[in-house]
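Trainee: Here it is, the structure in full.
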Amino acid sequence: VSTQSTGALAGVRLEEKQKSRKRWEIGGEELLETTTPHGSLRRALHKFTKRLLKENPRVMMETEQGAPLVSTLLLLLHRTEGKALVQLKEVLLNSFSQKETEYPGFEKFGALPAVVLDSKSSFVIQSLIKVLSKEELQELYRKELKSLIVPLSLHPVGNYAVQTLLECAPGKAVAEEIVTQVVGILEDLLAESATGVVVTSIKACHRYSLSVDVVGELRKAFHLPDNDTTLLFRCLMSMTTHDVLLEKEKDGAVS
């Protein structure tokens with residue numbers, strides 16, 4: 001077979017693969033997937049989910065082995081769009097009712113949903129947020145998360161749920177509400193090195209064309225002069241205040 005023929009054949013195969021791809025919407029964004037669970041795999045997924053629901057999914061999602069399993073199951077079931085997904089989502093949404101009231105340093109915020117504070121179950125909740133419909137995510141936000149954006153953003157694990165919520169926000173209004181709350185605690189976030197929430201907020205401002213001036217508020221949080229662009233860039237790169245940056249430079253920790 002000639003090189004030319006092989007190249008042409010490869011081109012045809014690539015085109016066929018591209019045509020066979022299906023589009024799926026996850027987290028408000030359309031993603032391209034090459035495969036969809038069907039046949040025996042689909043039946044196995046639904047059978048496994050049915051067995052899981054008879055047990056306690058909450059216990060499984062708090063283990064090192066169970067959390068990634070439940071998370072992957074959610075993403076796979078999302079492509080089948082069947083009854084099993086509806087049932088699993090319902091169970092996971094109900095898990096928000098269990099609250100944690102004794103997390104050190106967060107007592108003043110009252111009870112927080114324990115499921116987003118645990119490093120393993122939080123991983124599952126991030127996947128859950130990605131597969132919820134716009135209406136379901138809107139309800140979860142209003143019912144469980146809206147009043148907790150500040151403490152969750154400051155929490156070393158809870159902030160990941162806020163980041164995912166910002167990435168998958170069910171509309172401009174919700175994104176603006178979250179970013180507005182984040183802007184109000186920028187100095188606290190920088191002090192806690194919770195820079196992921198800050199960066200995600202900046203991205204959300206760009207994605208949704210929000211009116212919130214995150215960069216301007218960061219300038220204030222960094223304790224910068226109004227017109228010093230160079231210092232702003234350096235502080236953004238290090239995500240530290242001007243004072244801390246100067247101290248590090250003085251000690252030789254930053255070149």
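The values are calculated or read from the model by the stated rules, or taken from the named source; none is laboratory data. Every value quoted in this text rests on a predicted model; they were computed, and no experiment measured them. Here the Cβ is made from the backbone with ideal geometry for all residues, glycine too, and neighbour counts use every protein chain on show. Quick note on the areas: whole protein, heavy atoms, side chains included, nothing else; ligands and nucleic acids left out. Shrake-Rupley method; radii C 1.70, N 1.55, O 1.52, S 1.80 Å.
Trainee: What is the extension gain from Q138 to V199, computed as 0.36 nm multiplied by their sequence separation minus the C-alpha to C-alpha distance, in nm to one decimal?
Mentor: The span from Q138 to V199 would gain 19.7 nm if fully extended.
Trainee: Also, quick follow-up: What length, rounded to one decimal in nm, is gained on full extension from S147 through to D188, with 0.36 nm per residue of separation minus their alpha-carbon distance?
Mentor: That works out to 13.0 nm of additional length.
Trainee: What list of ³J(HN,Hα) couplings, whole Hz, do you get for the stretch 60-66 from phi and the Karplus terms 6.51, -1.76, 1.60, once you set θ to phi - 60° and write x for glycine and proline?
Mentor: Taking θ as phi minus 60°, the curve returns 5, 6, 9, 10, 4, 7, x Hz for the stretch 60-66.
Trainee: K248 to V86: extension gain in nm, 0.36 nm per residue of separation minus the Cα-Cα distance?
Mentor: Using 0.36 nm per residue and subtracting the Cα-Cα distance, I get 53.1 nm.
Trainee: Can you list the HN-Hα couplings for the stretch 127-137, worked out from phi with the Karplus curve (6.51, -1.76, 1.60; θ = phi - 60°), rounded to whole Hz and with x for Gly and Pro?
Mentor: For the stretch 127-137, the Karplus curve yields 5, 4, 4, 5, 9, 5, 5, 4, 5, 5, 5 Hz.
Trainee: Taking the Cα centre of the stretch 161-239 as origin, sum charge times position over the Cβ atoms of Lys and Arg (+1) and Asp and Glu (-1), and report the length of that vector in debye to the nearest 20.
Mentor: The calculated dipole for the stretch 161-239 is roughly 240 debye.
Trainee: Another question, if that's okay. Please report the carbon-and-sulfur percent of the accessible area for the stretch 129-184; probe 1.4 Å, protein heavy atoms only, DNA, RNA and ligands left out.
Mentor: Whole-percent figure for carbon plus sulfur exposure: 51.
Trainee: On to the next question. For a quick size check, give me the Cα extents of the stretch 52-129 along its three principal axes, largest first, whole Å.
Mentor: Principal-axis extents of the stretch 52-129 (Cα, largest first): 43, 22, 22 Å.
Trainee: Using the alpha-carbon centroid of each, what span in Å lies between the stretch 72-127 and the stretch 213-242?
Mentor: Between the Cα centre of the stretch 72-127 and that of the stretch 213-242, the gap is 35 Å.
Trainee: Sticking with this one: Near the amide H of E100, under 5 Å away, which other amide H atoms are found, from residues 5 or more places off or on another chain, if H is placed in the peptide plane?
Mentor: L112, A114
Trainee: Straight-line reach from K99: which lysines have a Cα under 17 Å away, not including same-chain ones fewer than 8 places off?
Mentor: Correct list for K99: K108, K120, K143, K146.
Trainee: Efficiency by 1/(1 + (r/R0)^6): what FRET value for Q65 and S97, r their Cβ-Cβ distance, R0 = 25 Å, to the nearest 0.05?
Mentor: 0.50
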